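Structure record follows, encoded as structure tokens.
Coordinate-derived values only; no laboratory data. None of these values were measured; they are calculated from a predicted model. Here the Cβ positions follow ideal geometry from the backbone for every residue, glycine too, while neighbour counts run over all protein chains shown.
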Amino acid sequence: MSVIDRRTLVATASSALILGTAGLLSPARAKGVAPTPSMRGGSNNYRPGAPIVTRIGGGGFWMSGTVRRAGDGAPLAGQRVQIWAHTTEGHERDPHSHGATLTDANGAFRLEMPQIVPAFGQAHGHLALESRDFQTVFLRPVMRDPSATSLTADFVLQPA
Amino acid sequence: MTSLRAAAMWAALAVAIVGPLAVAATSPLLEWRGPVYISAGFAGIIAMACLLLQPLLAGGALPGLALRQSRIVHRIVGAGLFLAIVWHVGALWITSPPDVVDALLFRSPTPFSAWGVIAMWAAFAAAALAALRKRIRLRPMTWRRLHASLAALCVGGSAVHAVLIDGTMGTVSKWMLCALSVAATIKLIVDLRIWSPRARRDA
């Protein structure tokens, strides 16, 4: 174990602080990419086993994001993401408002769905990451602009 | 009060109540909501309208209504407010049960939910106090202070709840209705000197 003197400690801490606050700390160099916690209310109206679809309803709105592994931040391919929301075509509880997609080789996913509209006070979407190898995570991203035509949500998963 | 002033006051009250209802009735969001969810929204707006009427009725501020009559109408509107809240929460429950359960348990991701639930319990407590007034035999001033405090909590909580929501009410009409009910509540509490040691006993 190397001895860390005060100067090294101060220099390391301040550079980490500068890099960290600037958002420049690269995932690979970080001690570990922290797992994404489930958001409150994220699992509301979830439908276990919603089918994989090429598009939910008529489309026109894009939900996208990435799925990575906690710790090293490696992209995870083939992960099943369920997406649902209150849209112009139905309520959150309606089965046809739900659909799932798989992440590509870069851990990215993208699914077209109908326009999300404000419901229960906020325009928001729901995403569930259902995986045998990783712990389930539920997200509930809120749209800052309710008329926006896309929304993103990123997952960092912990092994189950 | 001159008849012109009386007419102006009734007209202003009508605008304050009909305005938000009219805006909500033409909201584009209605197209994408089922009838139960739509009724939940309107029940909420009707409850907000009751919250403007209640302090005006309690203080006998509405022209043409004597204080005695005004207090009778206050009780009727109070019962209407209770039913509107029950309808609002019940219809939201049918629309999305987990969201309402989260709200009632104070674990909702949306801060306005907690304010709505606080306002609901304050309204229910104020209503229970009114229904049990003769049975619980509190000193009149104690009863009034309790009822007014709960009512003020209900009005304040409801105003925050409504203002934070992106819903069918228009921004201007919503702020106006909320501001008027908060102002009417504060004015009544000040006028009746609810919290002063020399509270008015005549009103």
Check your understanding: So how far apart, in nm, are the two label points at residue B:66 and residue B:2 if each is 7 Å from Cα heading toward Cβ?
Key -> 2.6 nm
**Study point:** Electrostatic dipole magnitude of the stretch B:3-191 [Cβ: Lys, Arg +1; Asp, Glu -1; Cα centre; debye, to 20]
**Key:** 1120 debye
Practice item. Can you grab the distance from the C-alpha centre of the stretch B:1-73 to the C-alpha centre of the stretch A:48-118, Å, no decimals? Key: 43 Å
Review point. Can you tell which of B:154, B:39, B:20 lies farthest toward the positive end of the dipole of chain B, using +1 and -1 charges on the Cβ of basic and acidic side chains (Lys, Arg; Asp, Glu)?
Key: B:154
Review point. Which whole number gives the average count of other chain Cβ atoms within 10 Å of the Cβ atoms across peptide B:96-104?
Key: 4
**Study point:** Proxy reagent accessibility, fewest Cβ within 10 Å first, across A:150, A:43
**Key:** A:150, A:43
**Study point:** Shape of the stretch A:78-119, Cα gyration tensor, a/c cut at 1.5
**Key:** prolate
Revision key, fill the gap. Output field shielding_mean for A:40-50 (other chain Cβ, 10 Å radius) holds 3
Exercise for review: Write down the Kirkwood hydrodynamic radius of the protein assembly as shown, to one decimal in angstroms, obtained as one divided by the mean of 1/r over all alpha carbon pairs.
Suggested key: 23.8 Å
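With a ≥ b ≥ c taken as the square roots of the eigenvalues of the C-alpha gyration tensor of the stretch A:29-121, please select rounded if a/c is under 1.5 and otherwise prolate if a/b is larger than b/c or oblate if it is not?
It comes out prolate by the Cα gyration axes.
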Practice item. Classify chain B as rounded, prolate or oblate from the Cα gyration tensor: take a ≥ b ≥ c as the square roots of its eigenvalues, call it rounded if a/c is under 1.5, otherwise prolate when a/b beats b/c and oblate if not. Key: oblate
Review point. Hey, can you rank B:8-15, B:172-179 by average C-beta count inside 10 Å, highest first?
Key: B:172-179, B:8-15
**Study point:** In Hz, Karplus ³J(HN,Hα) per residue of the stretch B:152-157 (6.51, -1.76, 1.60; θ = phi - 60°; x = Gly, Pro)
**Key:** 5, 4, 5, 5, x, x
Practice item. Provide a whole-number value for the mean count of partner chain Cβ atoms within 10 Å of the Cβ atoms in peptide B:27-33. Key: 4
